[in-house]
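The values are calculated or read from the model by the stated rules, or taken from the named source; none is laboratory data. All values derive from a computational prediction rather than experimental measurement. Glycine also receives a Cβ, built like all others from the backbone with ideal geometry; neighbour counts cover every protein chain displayed.
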Ligand SMILES: Cc1cc2nc3c(=O)[nH]c(=O)nc-3n(C[C@H](O)[C@H](O)[C@H](O)COP(=O)(O)OP(=O)(O)OC[C@H]3O[C@@H](n4cnc5c(N)ncnc54)[C@H](O)[C@@H]3O)c2cc1C
């Protein structure tokens, strides 16, 4: 037995470490397009202390270490490009505290979206978190690390804007608290202290392992309803979003488009979620929403769609079962999307590019775009399902994804949760002093370069 395996087994127990081929295989890939690469070990710690010991060991031995949540970010961010330790955090899945009056929750670093949702529904039915439409097995921390977006993003910003505190294991092994929890027993905010959370958000686990997270919770209204406004002309979408967000009456706004079934071809559906504590409140909001869109109804450029009860039920489901089903739409089960964050006014250009690339490479697509904040920006997904067993299909999809990233940057957007090649494209266009600052921070925090190597590397 090699000495690293033995040390890991001493830390977490024999049952939670493996170097068996079949288990390493699982951690060598995600459902996306990036080339697989096996780790040397898989470890599943249970406590902060165990994570700390593993990180210290990895740092001493200069072994790469890759934090793994649900592996659902799709762009290969958990693939151990240089081997080493896959640190699967899913055993760390406890809710540590819910503060009802200050509306925040503290969870461990491997808490899944599904478990947190179920926990809140059972014990705190008036509270909710901003759940993304990713599978329930994806983790809350994995989502905030990549600046994810959820059902409350249109009202409150990126899910990472909802962080109230962090406990992090630095790459050199120290446990560090960020936010009010570094001073007080309460995890209520990052302010008024210097904001150090940015050292860990958006870095894809290259600056430390998050073992605890404080997250804002929001009022859960009793009634949720949905309206779908349809248009054909993509040029109208930015103004429609502007009008809708001006009302401040919507919970979530998502634009959807897909070529199949044919009934949906060339139609843009703007899905508008409304919530309220009474029928009157919902009706009031609905009326305001109808009023701001009336001009498009009168000009016959758009209209509200009739929603059969089954369709309504499907649209109200959290996470959206439809998105998850779409991920598996092709024979072979491959799915990846590039979801650049773009200014809302760039929607028509991005949509045109999506149609162009899907036609150029002969692949199908699914688009969904989530409005972030009061129309501050949006995530525009270019979703491409592919057949993992068809090399030609994979090649064409890879090219489409590459061109998508170039086009996103060209229109002034920034690829979201970029895979390593897209990270390099971003770095190439980045302000040189910003890049230098990133390098200095990385070197300071992780002198031995052990944390998720390959990501955010300049060369
Ligand atoms: C069908 C489908 C729908 C989706 N819809 C959405 C959506 O609506 N909104 C959205 O935002 N995303 C969506 N996604 C993308 C993604 O699944 C989610 O963002 C998900 O929450 C990512 O979490 P994860 O646990 O899978 O992250 P992982 O892929 O496991 O990890 C992501 C990154 O975080 C790092 N990391 C993980 N845990 C830690 C930790 N404890 N400390 C430090 N670093 C860590 C990893 O190393 C990696 O770099 C969707 C994906 C699919 C397949």
Can you run down the residue pairs with Cβ atoms below 6 Å, 6 or more apart or on separate chains, where the first is in segment 184-200 and crowded, with 17+ Cβ neighbours inside 10 Å and the partner is in a loop (DSSP other than H, G, I, E, B)? 188/102; 197/190; 199/207; 200/207; 200/208
Quick one: how many residues across segment 368-396 are part of a loop (DSSP other than H, G, I, E, B) and within 23 Å of residue 266 (Cα to Cα)? 0
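Based on what the data block shows, is residue 98 under 26 Å from the mean Cα position of the chain (by Cα) and closer than 20 Å to residue 145 by Cβ?
Values: under 26 Å from the mean Cα position of the chain (by Cα): yes; closer than 20 Å to residue 145 by Cβ: no.
For residue 98, the condition - under 26 Å from the mean Cα position of the chain (by Cα) and closer than 20 Å to residue 145 by Cβ - is not met.
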Is it true that residue 66 is surrounded by 20 or more Cβ atoms within 10 Å (Cβ to Cβ), touching a residue at least 40 places away in the same chain (Cβ under 8 Å), under 29 Å from residue 444 (Cβ atoms) and within 15 Å of the chain's Cα centre (by Cα)? no
For the structure I just gave you, tell me whether residue 230 is surrounded by fewer than 21 Cβ atoms within 10 Å (Cβ to Cβ), touching a strand residue (DSSP E or B) at 6+ places or on another chain (Cβ under 9 Å), in a strand (DSSP E or B) and not assigned by TED's automatic domain parsing to the domain that holds residue 78. yes
Inside segment 171-183, can you point out the residues that are buried (at least 20 other Cβ atoms within 10 Å of the Cβ) and either more than 26 Å from the chain's Cα centre (by Cα) or assigned to a loop (DSSP other than H, G, I, E, B) (or both)? 171
Does residue 452 meet the test of being under 21 Å from residue 350 (Cα atoms), within 23 Å of the chain's Cα centre (by Cα) and buried (at least 20 other Cβ atoms within 10 Å of the Cβ)? no
Among the residues of segment 398-408, is any part of a loop (DSSP other than H, G, I, E, B) and under 19 Å from the mean Cα position of the chain (by Cα)? no
Return yes when residue 101 is surrounded by fewer than 17 Cβ atoms within 10 Å (Cβ to Cβ) and either closer than 14 Å to residue 216 by Cβ or more than 11 Å from the ligand (Cβ to nearest atom) (or both) and no when it is not. yes
Condition check: surrounded by fewer than 17 Cβ atoms within 10 Å (Cβ to Cβ), within 16 Å of the ligand (Cβ to nearest atom), at pLDDT 95 or above and closer than 30 Å to residue 380 by Cα. Does residue 160 satisfy that? no
Which listed residue is buried (at least 18 other Cβ atoms within 10 Å of the Cβ), in contact with a strand residue (DSSP E or B) (Cβ under 9 Å, 6 or more places away or on another chain) and closer than 30 Å to residue 55 by Cβ, from 415, 385: 415
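Quick grid of which residues meet (1) touching a residue at least 60 places away in the same chain (Cβ under 8 Å); (2) touching a strand residue (DSSP E or B) at 6+ places or on another chain (Cβ under 8 Å):
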{"residue": "251", "(1), (2)": "yes, yes"}
{"residue": "254", "(1), (2)": "yes, yes"}
{"residue": "259", "(1), (2)": "yes, no"}
{"residue": "263", "(1), (2)": "no, no"}
{"residue": "272", "(1), (2)": "no, yes"}
{"residue": "275", "(1), (2)": "no, yes"}
{"residue": "282", "(1), (2)": "no, yes"}
{"residue": "304", "(1), (2)": "yes, yes"}
{"residue": "308", "(1), (2)": "no, no"}
Would you check if there is a residue in segment 115-129 being over 21 Å from residue 449 (Cα atoms), near the ligand (Cβ under 8 Å from one of its atoms) and out of contact with any strand residue (DSSP E or B) (no Cβ under 6 Å at 6 or more places or on another chain)? no
Which condition from (1) assigned by TED's automatic domain parsing to the domain that holds residue 239; (2) touching a helix residue (DSSP H, G or I) at 6+ places or on another chain (Cβ under 9 Å) is the one that residue 391 breaks? (2)
In segment 233-243, the residues that are touching a residue at least 60 places away in the same chain (Cβ under 8 Å) and outside any loop (DSSP other than H, G, I, E, B): 234, 235, 236, 237, 238, 240, 241, 242
Of the numbered conditions (1) touching a helix residue (DSSP H, G or I) at 6+ places or on another chain (Cβ under 6 Å); (2) in contact (Cβ under 8 Å) with a residue 40 or more places away in the chain, residue 17 satisfies every one except a single condition; which is it? (2)
So residue 53, is it in contact with a helix residue (DSSP H, G or I) (Cβ under 7 Å, 6 or more places away or on another chain), assigned to a helix (DSSP H, G or I) and surrounded by fewer than 24 Cβ atoms within 10 Å (Cβ to Cβ): yes
Filtering segment 409-459 down to residues that are more than 26 Å from residue 381 (Cα to Cα) and in a loop (DSSP other than H, G, I, E, B) yields 446, 447, 448, 449, 450, 453, 459
Among the residues of segment 366-379, how many are surrounded by fewer than 21 Cβ atoms within 10 Å (Cβ to Cβ) and modelled with pLDDT under 95? 2
Considering only segment 33-48, I want to know if a residue exists there that is at pLDDT below 95, touching a strand residue (DSSP E or B) at 6+ places or on another chain (Cβ under 7 Å) and either in a loop (DSSP other than H, G, I, E, B) or more than 22 Å from residue 15 (Cβ to Cβ) (or both). yes
Quick one: in segment 201-227, which of the residues that are assigned to a strand (DSSP E or B) and near the ligand (Cβ under 10 Å from one of its atoms) is surrounded by the most Cβ atoms within 10 Å (Cβ to Cβ)? 210
